[in-house]
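Report on one structure; see the data block that follows.
The values are calculated or read from the model by the stated rules, or taken from the named source; none is laboratory data. The shown structure was predicted, so the numbers you read here are calculated from the model rather than taken from an experiment. Glycine gets a Cβ as well: all are built from the backbone with ideal geometry, and neighbour counts include every protein chain shown.
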Amino acid sequence: MYEEIDYNKFYRLIGDNIKKIRMDHNDSQEVLAEKIDMSRGFISQVESPGLTGIGVSLDTLFRICIVYNIDIRIFFDGFEKLINIKNNQNTEVKEYVNN
């Protein structure tokens, strides 16, 4: 049922929000990577617009939340623009994501 959903749009949204948060704190990818015990290469992949299928675990999101003292919901800012659930609650998610 969900095989047609383009999850890359969700990954891209989260990656963009991670980059924005990092830049708002004036941190380089290397500094963020060090703070959350990940590689700079991984941070780069998550934030890169040309790559597809690169997601992050909840564990990674929790680590970023702790480091920057932020609410986890900030990673999903813009989600409602990807799927306009508020206006059409009875329609399957895939119809929105594939548009």
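Among the residues of the range 55-70, are any out of contact with any Ser or Thr (no Cβ under 7 Å at 6 or more places or on another chain), surrounded by 12 or more Cβ atoms within 10 Å (Cβ to Cβ), over 20 Å from Asp27 (Cβ atoms) and modelled with pLDDT under 85?
For the range 55-70, residues out of contact with any Ser or Thr (no Cβ under 7 Å at 6 or more places or on another chain), surrounded by 12 or more Cβ atoms within 10 Å (Cβ to Cβ), over 20 Å from Asp27 (Cβ atoms) and modelled with pLDDT under 85: present.
Is the range 7-30 home to any residue that is exposed (fewer than 14 other Cβ atoms within 10 Å of the Cβ), at pLDDT 95 or above and among the aliphatic types (A, V, I, L, M)?
So far as the range 7-30 goes, yes, one or more of its residues are exposed (fewer than 14 other Cβ atoms within 10 Å of the Cβ), at pLDDT 95 or above and among the aliphatic types (A, V, I, L, M).
For the range 33-50, which residues satisfy the criterion of being surrounded by 17 or more Cβ atoms within 10 Å (Cβ to Cβ) and part of a loop (DSSP other than H, G, I, E, B)?
Within the range 33-50, Ile36, Met38 qualify.
For the range 10-32, enumerate the residues that are over 19 Å from Ile72 (Cβ atoms) and either assigned to a helix (DSSP H, G or I) or hydroxyl-bearing (Ser, Thr, Tyr) (or both).
Residues satisfying the conditions are Ser28, Gln29, Glu30, Val31.
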